[in-house]
Structure formats: structure tokens, C-alpha cells
Amino acid sequence: MNLLLENIAKHVSLSNEEQERVLAFTETQHYKAKTILLKEGQVCTHSFFVLKGILRSYNIDENGVEHVVSFACPGWWIADMYSFLSQRPGQLYIEVNEDAEVLILSKENQEKLYLEVPKMERFFRILIENSLVANQQRLIDNMSFTAEARYDKFTKKYAELVHCLPQKQIASYIGVTPEFFSKMKARLLKK
């Protein structure tokens with residue numbers, strides 16, 4: 001079964017006809033590593049479902065420092081949700097970390113999909129609720145956990161990615177400098 005349909009089936013049950021409609025609204029694209037799919041200041045008009053590869057979203061602060069917001073591996077969605085939902089210029093970049101195959105769903109097609117396959121509105125509501133909960137937990141973790149505890153949570157959440165991602169990006173995701181991250185990992189290895 002298609003990875004997208006497997007992902008949807010975790011939350012809603014679609015008939016064969018509804019599955020065909022869902023797939024008809026998406027477009028498959030292949031991207032090379034380092035391809036920028038969205039830049040800060042652009043309106044996010046598509047969400048991306050990863051079939052193969054890794055994508056990441058990040059922001060660049062006024063000092064030119066990247067702050068990784070999220071990673072998306074196979075079976076995960078990624079978008080600048082503020083921009084996608086409001087259709088206003090966003091603050092995130094979305095970049096291909098390693099060669100990727102993705103399904104693209106435009107905002108326009110998503111709205112049409114809601115009308116043609118109403119169960120998909122429930123599906124995306126569930127995804128957005130889960131994302132809200134995860135982001136709230138990450139915010140609390142960043143305020144109250146040590147860097148080591150945040151790294152431990154990261155390795156559990158992204159177990160399949162830990163060895164595929166540059167250490168600099170992992171450090172950024174958990175909110176520490178690459179230098180601090182290196183020292184922290186050295187300490188953890190000694191334990």
C-alpha cells in the first residue's frame with residue numbers, strides 16, 4: 001500500500017474510491033539534497049509528504065544562525081504551518097537534507113479534497129492537533145529540560161535519523177551550539 005494511504009489509515013478509513021481521489025490531488029516530485037523548497041518571506045502554498053529522504057524546516061536569525069524547527073522523514077508531513085494556513089509570508093525555510101521523493105499537496109487541492117473526501121478534513125484536523133501537542137511539549141521541554149535530556153528525547157523521537165543528520169543540525173534542533181553539543185556528546189560517551 002502507498003505510504004501516504006498507510007499514513008491516512010492510521011486516523012481515518014477511506015474507501016478505494018476515496019483513496020484514488022486523495023492520490024489524484026497529490027503530485028510526486030524528486031529533489032536533490034540541498035534543494036530549497038520554501039524560503040523565508042514566501043507564502044507556503046504546498047505541504048510536503050515525505051516518501052523517501054529527509055526534509056527539514058528552519059529559521060535564520062538576524063545573526064545568520066540557523067534554528068532547526070523540524071525534520072520530516074518518510075511518512076511525515078512538513079510545511080510552514082503559519083504561512084500555509086494564513087496564506088501570508090512565512091518565516092521558515094524548508095530544505096531537502098538528503099535526496100528525497102515527496103508528494104506535494106497544494107493548499108488549493110487540499111481545500112478541494114475536503115469537499116470531495118470529507119474524511120480528509122478530519123484527518124488533517126487530527127494531524128494539526130497532534131502537531132500542536134508536540135510543539136507545546138517541545139516548548140516546555142526547551143524551558144525545563146537540560147540539553148542532555150532534550151538530546152535523549154530527540155534520539156528517541158528521531159531514532160532512525162540520528163546517524164543521518166549533521167551534528168550541527170541536531171545541536172540546532174535541541175537548542176545548543178555545535179561546540180556545546182560536541183562537548184556534551186563527549187561527556188555522554190564517557191558515562
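None of the figures in this text is laboratory data; all of them are computed from the coordinates on show. All figures in this text were calculated on a predicted structure; none of them were measured in a lab. Note that each Cβ is placed from the backbone with ideal geometry, even for glycine, and that neighbours are counted across all protein chains shown.
Points to keep in mind about this one:
- As an equivalent ellipsoid, region 17-70 spans semi-axes of 28, 13, 10 angstrom, where each value is the square root of five times an eigenvalue of the C-alpha gyration tensor, largest first.
- Estimated purely from DSSP H runs of n ≥ 4, each contributing -39500 (n - 2.57), the mean residue ellipticity at 222 nm for the chain is -14500 deg cm²/dmol once divided by its residues.
- Remark: the residue 86-residue 133 segment gains 14.9 nm on full extension, using 0.36 nm per residue and subtracting the alpha carbon distance.
- The chain: C-alpha pair distances exceeding 26 Å, %: 36
- Dipole magnitude for the chain: computed about the Cα centre from +1 point charges on Lys and Arg Cβ and -1 point charges on Asp and Glu Cβ, it is near 820 debye.
- Cα pair distances in region 145-191, grouped into 5 Å bins until the bin that holds the longest one, percent each: 5, 23, 34, 30, 8
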